Amino acid sequence: MAEELLAEERQGEATLVEAQSDLSNGKKLYLESYGCQMNFSDSEIVASIMTKAGYQTTRNSDEADVVLINTCSIRDNAEQRVRNRLTQFQKDKRNNPDKVIGILGCMAERLKSQLLEEEQLVDLVAGPDAYRELPGLVSEVESGQKAVNVLLSREETYAEIAPVRLDSNGISAFISIMRGCDNMCSFCVVPFTRGRERSRDPESIVAEAKDLFDKGYREVTLLGQNVDSYRWNENKKGEIIDPAKETVNFAQLLEKVALVHPDLRIRFSTSHPKDMTDEVLHTMAKYENICEYIHLPVQSGNSDVLKRMNRGYTREWYFNRIEAINRIMPNCGISTDIIAGFCGETEEEHKDTLSLMEELRYDFAYMFYYSERPKTLAARKYEDSVSLEDKKRRLNEIIDLQMVHSLESNKRAVGKTHKVLIEGFSKRSKEQYCGRNTQNVMIVFPKTEHKPGDYVHVKVTDCTSATLIGEVIDA
Ligand code: 5AD
Ligand code: SF4
């Protein structure tokens, strides 16, 4: 159904490009990722750690000695998908009993040794802060033991580990700037699976961006569960420093990365309405290479629901933040996340979400129906009272409305000229290039003499609700 489709865009499945190790141990690693961009970024750190330990990555799970699945727990259907995959890998193991099967990420953290002991689906379980230990954990399995490390850390940011870029187009890359989340939205399992919030050293972030630029990348997306609460305190390094330079907040970090090179585009995700400051918006407006696009999850258009969700803002506050975006960056693209059918949501409250959408007319949205997650505040405090039928119906109403708004937004782009970073060939044809405008909308256009990584001006002539269609013009 539609929810699956929309979630799928975000919850793609990645297998790796093959990465060579200098000190090969002759063994092959197959890595598969589910869930958010942060998980895909983590898999690049895992690949880096494992290639250093001598593994060569492969796209073919049959020939792998080690199979690792980086998992997501955000909704029940994400977990079900991984369970099915694990069952399949267990079947494959009959032909190769020495194959090590490991689970990483949020499901590993949430279910801990249950997958290993009760369900016997895996040999190894490693939580999001335990990836440095992976080579040792694999060795433990090879010596006949089951291996688990699900310790969460207050410090781990993998700051100095250079990620191995996986399934990359060589043009855009993710950079993790922080880990964990302290917000405790009542529906969300992330604070339990990814632990406390911690920010990464800005110098290592800037160095990673510079390195990517030197390698030909032209776009970086700074990742965190709540980028607006990024805060680096120099004192952590134990040095005596200039107190005026003591902390770096998100706006300052954005500026530092924007200054790496004017041809390096900067994006970021995810912003939180309760924390997004005008300072961030002014920094975005100041630098042409910081893209005019904000993903600002609203979750619900009703203040009582938002209170039960423990989101820390009201409908009015959210409107105020959108008004600030439009005032400071009139052409900014805005997208959101919406949950239908949260605990106790009445028909009136649901209608408030529709009316908020009508007023704000998002360019794009990720839409879900509520899925109760064990241990969360909502699971402990509120009854999951909306029937599945109502959840699905409300979600469909939300999706139908968003389709209208997305098409409307794309139609507004027709006839205009957009600066596009060429990412590569379009999915459909080698005669067509694709790339995004600053508002993050994909534009497809006939191939020219330009190369991926070049910026071109594209005049948009037509559109669907998902894509713009155009042609390169001399700007
Ligand atoms: N049920 C449904 N959707 C959820 N999300 C997070 N937790 C749940 C849940 N329990 C959605 C939120 C969040 C996005 C990443 O996933 O909209 O912003
Ligand atoms: Fe979950 Fe809320 Fe943190 Fe996002 S901000 S990860 S929704 S707790």
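Here region 180-203 is scanned for amide nitrogen atoms under 20 Å from the site 7 Å beyond the Cα of Asp76 along Cα-to-Cβ, giving 186-193. List residues of region 133-169, by number, whose backbone nitrogen lies under 19 Å from a label position 7 Å along Cα→C-beta of Lys256. Within reach of a label on Lys256, which here means backbone N under 19 Å from a point 7 Å along Cα→Cβ, region 133-169 contributes 155-163. In a reduced charge model with +1 at each Lys and Arg Cβ and -1 at each Asp and Glu Cβ, region 275-332 shows a dipole moment near 260 debye about its Cα centre. Charge tally around Lys27: other residues with Cβ under 12 Å, Lys/Arg +1 each, Asp/Glu -1 each, net -2. Along region 394-410 the Karplus relation, 6.51 cos²θ - 1.76 cosθ + 1.60 evaluated at θ = phi - 60°, assigns HN-Hα couplings of 5, 4, 5, 5, 5, 4, 4, 5, 4, 4, 5, 5, 5, 5, 4, 5, 5 Hz to successive residues, with x for each Gly and Pro.
Near Lys93, once Lys and Arg are set to +1 and Asp and Glu to -1 for all other residues with Cβ below 10 Å from its Cβ, the sum equals 0. Taking every DSSP bridge with both residues inside region 2-149, close to 5 percent are antiparallel. Here the relative contact order of region 80-208, from alpha carbon pairs under 8 Å that lie six or more residues apart, stands at 22 percent.
If you average the C-alpha positions of region 183-210 and of region 318-346 separately, how far apart do those two centres end up, in angstrom? Each part reduced to its Cα centre gives a spacing of 22 Å. Each eigenvalue of the Cα gyration tensor of the chain, multiplied by 5 and square-rooted, gives one semi-axis; in descending order these are 34, 28, 24 Å.
Here the label points at Glu397 and Gln120, each 7 Å from Cα along the C-beta direction, are separated by 4.9 nm in the simple model.
Surface exposure of region 344-397, expressed per residue as accessible area with a 1.4 Å probe, stands at 51 Å². Average accessible surface for region 172-306: 36 Å² per residue, computed with a 1.4 Å probe over protein heavy atoms with every protein chain in place.
Helical runs (DSSP H, four residues minimum) scored at -39500 (n - 2.57) apiece and divided by the length of the chain put the mean residue ellipticity at 222 nm at -10500 deg cm²/dmol. Run a plain Debye calculation on region 37-169 (Cα atoms as equal point scatterers, no solvent) and give log10 I(q)/I(0) at q = 0.21, 0.22 Å⁻¹, rounded to two decimals, same order as the q list. Each listed q maps to, in turn, -1.46, -1.60. Dipole of the chain computed with +1 at Lys/Arg Cβ and -1 at Asp/Glu Cβ about the Cα centre; of Gly415, Ile334, Ala378, farthest Cα towards the positive end is Gly415. Compared with the alpha-carbon gap, the fully stretched path from Gln432 to Ala466 is longer by 10.6 nm at 0.36 nm per residue.
How much of the accessible area of the chain, probe 1.4 Å, is carbon plus sulfur, in whole percent?
48 percent
Could you grab the relative contact order for the chain? Cα pairs under 8 Å, six or more apart, rounded to a whole percent.
Computed value for the chain: 10 percent relative contact order.
What distance in nm separates the two pseudo spin-label positions at Asp211 and Glu323, each 7 Å out from Cα along the beta-carbon direction? Taking the simple label geometry, Asp211 and Glu323 are separated by 4.5 nm.
Longest stretch of the chain clear of exposed loop sites (GluC sites (Glu not before Pro), DSSP loop, at most 16 other Cβ atoms within 10 Å, sites excluded): 19-117. Taking Lys351 as the anchor, which aspartates and glutamates have their alpha carbon closer than 17 Å to its alpha carbon, excluding any fewer than eight residues away along the same chain? Partners within reach: Asp304, Glu316, Asp337, Glu359, Glu389, Asp390, Glu397, Asp400.
Report, in debye and to the nearest 20, how large the dipole of the chain comes out about its Cα centre when Lys and Arg carry +1 and Asp and Glu carry -1 on their Cβ.
Using Cβ point charges on Lys, Arg, Asp and Glu, the chain gives about 160 debye.
In the chain, the DSSP beta bridges split such that about 40 percent are antiparallel, to the nearest 5.
When all alpha carbon pairs of region 400-475 are counted in 5 Å bins from zero, the resulting P(r) reads 3, 18, 31, 24, 14, 7, 3, 1 %. When you filter the chymotrypsin sites (Phe, Trp or Tyr not before Pro) in region 333-392 for DSSP loop state and at most 12 other Cβ atoms inside 10 Å of their Cβ, nothing is left.
The values are calculated or read from the model by the stated rules, or taken from the named source; none is laboratory data. Predicted model, so just to flag it, every value in this text is computed and none were measured. Methodologically, a virtual Cβ is constructed for each residue, glycine included, from the backbone with ideal geometry; neighbour enumeration extends over all protein chains shown. Accessible surface is based on the protein model in full, side chains and every heavy atom, while ligands, DNA and RNA are left aside. Shrake-Rupley method; radii C 1.70, N 1.55, O 1.52, S 1.80 Å.
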